[in-house]
1. Quick check on this structure: which one of 209, 224, 215 is farther than 27 Å from residue 24 by Cα, at pLDDT 95 or above, surrounded by 13 or more Cβ atoms within 10 Å (Cβ to Cβ) and touching a Ser or Thr at 6+ places or on another chain (Cβ under 9 Å)?
2. What is the residue count in segment 162-187 for residues that are touching a strand residue (DSSP E or B) at 6+ places or on another chain (Cβ under 7 Å) and not acidic (Asp, Glu)?
3. Going residue by residue through segment 80-89, is there one that turns out to be more than 22 Å from the chain's Cα centre (by Cα), modelled with pLDDT under 95 and over 30 Å from residue 138 (Cα atoms)?
4. Which of (1) touching a Leu at 6+ places or on another chain (Cβ under 7 Å); (2) closer than 16 Å to residue 198 by Cβ is the odd one out, the single condition residue 105 does not satisfy?
5. Need at least 3 residues that are basic (Lys, Arg) and either in the same structural domain as residue 217 (by TED's automatic domain parsing) or without any contact (Cβ under 8 Å) to a residue 12 or more places away in the chain (or both) per element, so show me which helices (runs of 4 or more DSSP H) inside segment 1-119 make the cut, counting only ones lying wholly within it.
6. Looking only at segment 105-161, count every residue that is closer than 23 Å to residue 182 by Cα, among the polar types (S, T, N, Q) and surrounded by 16 or more Cβ atoms within 10 Å (Cβ to Cβ) and tell me the total.
7. I'd like the full set of residues that are of a type in the set (D, E, K, R) and either assigned to a helix (DSSP H, G or I) or over 15 Å from residue 129 (Cα atoms) (or both), limited to segment 150-185.
Amino acid sequence: MSNPILRTECLSLVYGKGTPFEKHAVKDVSIEINRGEVIGVIGHTGSGKSTLMQMLNGLIKPTSGKVYLDGVDIHADKKKLRDVRFRVGLVFQYPENQLFEETVRQDISFGPRNMGLPDESIEKRVKRAAVFAGLKDELLDRSPFDLSGGEKRRAAIAGVIAMDPEILILDEPTAGLDPMGRDVLLSQIDAYHKSRNNTVLLVSHSMEDIAGIADRVLVMNHGDCVMLDTTQNVFSRSEELESIGLRVPQITKITTELRRRGVPLSEGILTVDKAFEEICAILKKEGRL
């Protein structure tokens with residue numbers, strides 16, 4: 001691949017340094033994120049996932065280490081930090097914290113307006129972002145505080161998408177949504193990524209969400225980056241994941257057990273669709289379907 005779009009070098013964050021309450025939220029993390037890929041980010045609560053994501057777009061300054069965007073240290077020039085946040089868009093875990101304007105339309109247009117874009121361009125971006133996020137037209141002129149939880153999530157995502165960031169960071173975008181709402185939102189994120197060919201970092205507690213969309217997976221544990229590898233390779237290390245309080249997708253566990261019992265399935269199946277496809281092929285071959 002080409003040079004990484006995002007790179008960290010020995011990135012660390014210490015809270016309460018030099019006090020009895022000193023805590024290492026992120027420890028010496030050095031990673032490379034390539035242009036155009038989807039990275040799933042997993043780890044137990046308190047593992048440093050959200051802190052690391054906020055360091056990647058300059059919201060939190062590291063205690064030590066550096067973040068490079070296209071080879072440039074994002075903290076080298078304080079005046080350019082604002083531009084970094086237009087290029088690295090972050091949707092927080094709690095979307096209501098990002099909504100503050102009188103209408104949804106104004107909220108979505110806030111970023112593009114601060115970028116100094118003309119009104120016509122802003123309106124186009126608002127409409128396009130609303131479509132990508134699955135927001136209906138009739139919601140655009142309502143107060144964001146009148147929206148349901150799922151609609152607020154979509155409005156917050158649309159507000160970041162409207163800036164057309166090169167890197168989109170989504171912190172638990174499906175938390176609290178019902179299964180259908182989760183699937184719809186993930187498919188829209190996937191469609192957005194494919195149409196824009198940008199880089200996406202998706203933080204999630206759902207291994208199924210990550211398995212279905214990610215090219216690679218970053219695993220955090222107590223502030224350390226303990227794995228960064230292809231999705232299949234990470235989820236093939238089920239014992240290591242379980243030792244840090246994580247699990248592989250349920251379908252991976254089921255198909256691994258079926259393989260152990262002699263069913264000729266591929267190793268490391270990550271999605272229900274893939275398992276269904278392979279089981280059907282086996283049944284057809286045996287004349288049982």
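The values are calculated or read from the model by the stated rules, or taken from the named source; none is laboratory data. Quick caveat, the model's predicted, so the values are computed rather than measured. All Cβ positions, even for glycine, are placed from backbone atoms using ideal geometry, and neighbour counts span all protein chains on display.
1. The unique qualifying residue is 215.
2. 7
3. For segment 80-89, residues more than 22 Å from the chain's Cα centre (by Cα), modelled with pLDDT under 95 and over 30 Å from residue 138 (Cα atoms): present.
4. That leaves (2) as the condition not met.
5. Output list reads 81-87.
6. Qualifying residue count, segment 105-161: 0.
7. 151, 152, 153, 154, 171, 172, 178, 182, 183
Yes/no per residue for (1) assigned by TED's automatic domain parsing to the domain that holds residue 107; (2) at pLDDT below 90; (3) in contact with a Ser or Thr (Cβ under 9 Å, 6 or more places away or on another chain); (4) at negative phi:
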| position | (1), (2), (3), (4) |
| --- | --- |
| 160 | yes, no, no, yes |
| 172 | yes, no, yes, no |
| 180 | yes, yes, no, yes |
| 194 | yes, no, no, yes |
